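Novice: Here it is: the structure, laid out below.
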Amino acid sequence: MSLKTLTMGGLLCAALALPAAAEVKVGMITTLSGGGASLGIDTRDGFMLAIEQSGRTDIEVVIEDDQRKPDVAVQLADKMIQSEKVDLLTGIVWSNLAMAVVPSATAQGKFYLSTNAAPAQLAGRGCNARYFSVSYQNDNLHEGAGAYATQAGFKNTFILAPNYPAGQDSLTGFKRFYEGDLAGEVYTKLGQTDYAAEIAQIRASGADSVFFFLPGGMGISFLKQYADSGVDLPLVGPAFSFDQGILQAVGDAALGVKNSSTWSKDLDNAANAAFVEAFQAKYDRLPSIYAAQGYDTANLMLSALDKAEISDEAGFGAALKAAEFDSVRGEFSFAANNHPIQNVYVREVIKEGDIYTNKIVATAMEDRANAYVDDCKM
């Protein structure tokens, strides 16, 4: 099987070239250009690795670039559902795009499997039997960071995140399990690259530590500017601010920083070891959490397709809910609102040879579901 790349209406597209007509058609909308491109590329590559490993020739994956723009994502979803006739959607990285796409897609009878974005609105009263978050619930990694900050003895943490649904969930999640005071709480602009004002606020705040959630290029900019500022307070963040792409761009400034994650390349289980080896062999780089989640999402889908036709909504939904696949995270199951129950780990940024990466140093939370299960009435 191979990927063919097309240009349609100025948008990059890719489709899995198949020798015969596919029986299952998957629409992947993800970010393949701009400052968040590395996140979408890893999502795509992890997902497609699992499809390739399955050996199945009856699955077609149509991949398009949302450019990190909600209106583009909506247009792509409409085209995929109405013109492409996809059976299932996946791939969105950003929560504001998920909020623009998922409710409409599920209302039109399509399953949506989230490889990343999992806003609180879709976990609680906005939950849906056709919507499964395979990644986490947005608050989870930040809850783990809050629990770690408490365990580390931090008493006056300054917290900041971008002002969009995942950023709001991040600070909510951190505060849920952090028992100290807040030296400051700031929402930045999504896509912001200059953090001089925020770093000045941190310097003047009397904080003893900093928690930040700034994924993709935002995290690179912040970490470099923070390192150059002379502010010497411990940093804590989620894995999104310390993924493989960010670490290589930031370098030594990230060494020793603790971050929370539901996955790490050194998780000790056979599925993860095989995934890390296969991903590195195929793409010549270490996988990130986005790649791991994409890989798990594809394997969950494949496990469900082995049990039920996707046209059998009840049967396919039940097969997804059973989650009978070998997750790279080890034990994996869904809570009542179709979000994972899983551990949240503490990782430390290290250097292995010339490569910056992470290693697990503690477990922040065991078998964590999410705060919104009771609000979901499916």
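Novice: Can you confirm whether Ala292 is of a type in the set (Gly, Ala, Ser), over 25 Å from Leu88 (Cα atoms) and at pLDDT 95 or above?
Specialist: Numbers: of a type in the set (Gly, Ala, Ser): yes; over 25 Å from Leu88 (Cα atoms): no; at pLDDT 95 or above: yes.
So Ala292 fails the test.
Novice: Give me a count of the residues in the range 48-79 that are more than 26 Å from Leu190 (Cα to Cα) and buried (at least 19 other Cβ atoms within 10 Å of the Cβ). Give the steps one after another, and end with the answer.
Specialist: In the first step, residues of the range 48-79 are kept if they are more than 26 Å from Leu190 (Cα to Cα); the result is 48-62, 79.
Cutting the leftovers down to buried (at least 19 other Cβ atoms within 10 Å of the Cβ) gives us 48-51, 59-62.
The qualifying residues number 8.
Novice: Hey, among Gly237, Gly245, which residue is surrounded by fewer than 24 Cβ atoms within 10 Å (Cβ to Cβ) and within 17 Å of Tyr356 (Cβ to Cβ)?
Specialist: On the way: Gly237 fails: surrounded by fewer than 24 Cβ atoms within 10 Å (Cβ to Cβ).
That would be Gly245, the only listed residue that is surrounded by fewer than 24 Cβ atoms within 10 Å (Cβ to Cβ) and within 17 Å of Tyr356 (Cβ to Cβ).
Novice: Moving on to the next point. Tally time: how many residues in the range 128-164 are surrounded by 22 or more Cβ atoms within 10 Å (Cβ to Cβ) and not hydrophobic (A, V, I, L, M, F, W, C)?
Specialist: To start, the set of residues in the range 128-164 that are surrounded by 22 or more Cβ atoms within 10 Å (Cβ to Cβ) comprises 130-149, 154, 157-162.
Next, from what is left, pick out any that are not hydrophobic (A, V, I, L, M, F, W, C): 130-131, 133, 135-140, 142-144, 146, 148, 157, 162.
Number of matching residues: 16.
Novice: Still on this structure, I have one more. Which of (1) in a strand (DSSP E or B); (2) at pLDDT below 95 does Val26 not meet, given it meets every other one?
Specialist: Every condition holds for Val26 apart from (2).
Novice: Restricting the search to the range 363-378, which residues are over 16 Å from Ser135 (Cβ atoms) and basic (Lys, Arg)?
Specialist: Lys377
Novice: Which pairs turn up if I take residues in the range 268-281 that are outside the structural domain of Tyr295 (by TED's automatic domain parsing) and look for partners that are among the small types (Gly, Ala, Ser) and surrounded by fewer than 10 Cβ atoms within 10 Å (Cβ to Cβ) with beta carbon separation below 8 Å, at least 6 apart in sequence or on another chain?
Specialist: From the range 268-281, no pairs qualify.
Novice: So, one more: Looking only at the range 208-228, filter to residues that are in contact (Cβ under 8 Å) with a residue 40 or more places away in the chain and not in a strand (DSSP E or B); which one of those is nearest to His142 (Cα to Cα)? Let's see the steps before the verdict.
Specialist: Narrowing the range 208-228 to residues in contact (Cβ under 8 Å) with a residue 40 or more places away in the chain: 208-218.
When the remaining residues are screened for being not in a strand (DSSP E or B), the result is 208, 213-218.
Numbers: Asp208: 18, Phe213: 8, Leu214: 12, Pro215: 13, Gly216: 16, Gly217: 19, Met218: 17 Å.
Only one residue tops the list, namely Phe213.
Novice: Still on this structure, I have one more. State whether the residues of the range 176-192 include one that is surrounded by fewer than 16 Cβ atoms within 10 Å (Cβ to Cβ), in contact with a helix residue (DSSP H, G or I) (Cβ under 6 Å, 6 or more places away or on another chain) and hydroxyl-bearing (Ser, Thr, Tyr).
Specialist: no
Novice: Failed condition for Glu352, given (1) in contact (Cβ under 8 Å) with a residue 24 or more places away in the chain; (2) farther than 27 Å from Leu113 by Cα; (3) acidic (Asp, Glu), with all others met?
Specialist: Answer for Glu352: the failing condition is (1).
Novice: Select from the range 43-85 the residues that are within 17 Å of Ser303 (Cβ to Cβ) and outside any helix (DSSP H, G or I) and write down the one among them that is nearest to the chain's Cα centre (by Cα).
Specialist: Val61
Novice: So which of Phe240, Phe222, Phe211 ends up being of a type outside the set (Ser, Thr, Tyr), outside the structural domain of Thr43 (by TED's automatic domain parsing) and touching a Pro at 6+ places or on another chain (Cβ under 7 Å)?
Specialist: Numbers: Phe222 fails: touching a Pro at 6+ places or on another chain (Cβ under 7 Å); Phe211 fails: touching a Pro at 6+ places or on another chain (Cβ under 7 Å).
Testing whether each residue is of a type outside the set (Ser, Thr, Tyr), outside the structural domain of Thr43 (by TED's automatic domain parsing) and touching a Pro at 6+ places or on another chain (Cβ under 7 Å) leaves just Phe240.
Novice: Which of the residues spanning the range 320-356 are in contact with a Leu (Cβ under 6 Å, 6 or more places away or on another chain) and not assigned by TED's automatic domain parsing to the domain that holds Gln121?
Specialist: Val349, Tyr356
Novice: Sticking with this structure for a sec: State the number of residues belonging to the range 292-347 that are within 19 Å of the chain's Cα centre (by Cα), more than 23 Å from Ala362 (Cβ to Cβ), small (Gly, Ala, Ser) and surrounded by 24 or more Cβ atoms within 10 Å (Cβ to Cβ).
Specialist: The number of residues fulfilling the criteria is 2.
Novice: Can you run down the residue pairs with Cβ atoms below 7 Å, 6 or more apart or on separate chains, where the first is in the range 229-240 and over 21 Å from Val346 (Cα atoms) and the partner is surrounded by fewer than 22 Cβ atoms within 10 Å (Cβ to Cβ) and of a type in the set (Lys, Arg)?
Specialist: Cβ pairs passing all conditions: Val231/Arg203.
Novice: Follow-up question, since we're still on this one. In the list Ala123, Ala107, Ala118, which residue meets the criterion of being out of contact with any helix residue (DSSP H, G or I) (no Cβ under 6 Å at 6 or more places or on another chain) and surrounded by fewer than 19 Cβ atoms within 10 Å (Cβ to Cβ)? Working first, answer last.
Specialist: Details: Ala123 fails: surrounded by fewer than 19 Cβ atoms within 10 Å (Cβ to Cβ); Ala118 fails: surrounded by fewer than 19 Cβ atoms within 10 Å (Cβ to Cβ).
After ruling out the rest, the residue left standing is Ala107.
Novice: Taking the range 131-155 only, how many residues are touching a helix residue (DSSP H, G or I) at 6+ places or on another chain (Cβ under 8 Å) and over 23 Å from Ala291 (Cα atoms)?
Specialist: Count: 4.
The values are calculated or read from the model by the stated rules, or taken from the named source; none is laboratory data. Nothing here was measured: the structure is a model prediction, and the numbers come from that model. Reconstructed Cβ throughout: ideal geometry from the backbone, glycine too, with neighbour counts over all protein chains shown.
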